[in-house]
Amino acid sequence: MKTTDKEISAVISSTKRRNHGLKALLSIKSNTATLEKDYAELLHIESELDQLYKNGLLIIEDNAQQEAIVQWKAVIQKANEAVTGINDNLSAAKDKITQKEKDGYPDLWKQLALHIASLKDNSTNASNSGLTILPETFHSQWEREFVKPETPLVESLVAHVESYRVLMQVIERYTPDELNKITQIIIDHVPSDFTYEEAVEYQKDYYKALLNFKNEFKADKNLWDKFLDILAGGTHQTPSEGVMMERWLDGEEGNL
């Protein structure tokens, strides 16, 4: 069966999330502490982004027409609403996990994906519309004081949200017995002092870890299938996507 462009895109998206998957796996042994730490980091980034939007508004208000100011405020309001929605979804998911509820997760993850997409779209719109609204003499200031700081902040926020989501989905999707089994695999195959930061820096070690997980999971295919599904963002993969992911992990889609 021929693989479609949509399926290829889904797998590419999945592989881009691979570091989030490893972070979640390495965090299983101390998932509560990790969730609290990740959430604190999320709030810090959100605070910085909020301050940037306030600074951007000052530039717009000082140098643009009133109608344009209103339009830019509307864009920022949508971005802020997306951030609020992200927080609400993550908090609701965390509460469900804490209370060991089994239902309602698919809707939360779908809503979360929509809020992330809205944040990305409206942050880009905020940057671009500023260049349209402001006189050309202020473009360099806008680029320097708003566009350049905003891009890494949004990227960092999205990355932290993804890491938080993956860890919660690992906790949600696996049974306690499965989590215990995975924890033992981590103990057996990953040095105790091996950190997530090192996993990101030393990608070959990451691939080796993943392959070890894959080999250990062969005895229980359900463990591996769930893991691939979580890496894919919680959406169920087609058979073609699964085959492509397997090949990528086996080194057939590039050099390790």
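Derivation of every value follows stated rules applied to the coordinates shown; laboratory data play no part. Bear in mind the structure is a predicted one, so any value in this text is a computation, not a measurement. Backbone-built Cβ (ideal geometry, glycine too); neighbour counts: all protein chains shown.
Some values worked out for this structure:
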| quantity | calculated |
| --- | --- |
| Two-site label geometry, Asp121 and Lys78: point separation in nm, points 7 Å out along Cα→Cβ | 0.6 nm |
| Listed residue pairs exceeding 24 Å between alpha carbons, taken from Lys54/Lys94; Lys102/Lys181; Lys78/Lys226; Lys78/Lys100 | Lys54/Lys94; Lys78/Lys226; Lys78/Lys100 |
| Largest-first principal axis extents of the Cα set of region 54-184 (Å) | 63, 27, 17 |
| Per-pair calculated FRET efficiency, R0 = 41 Å: Arg144 and Glu67 via Cβ, rounded to 0.05 | 0.95 |
| Asp103-Glu178 FRET efficiency (beta carbon distance; Förster radius 25 Å; 0.05 resolution) | 0.85 |
| FRET efficiency for Leu58 and Ala159, using Cβ-Cβ distance with R0 set to 41 Å, rounded to 0.05 | 0.90 |
| ³J(HN,Hα) computed for each position of region 161-173 - Karplus, 6.51 cos²θ - 1.76 cosθ + 1.60, integer Hz, glycine/proline x | 4, 5, 4, 5, 4, 4, 4, 5, 5, 4, 5, 5, 7 |
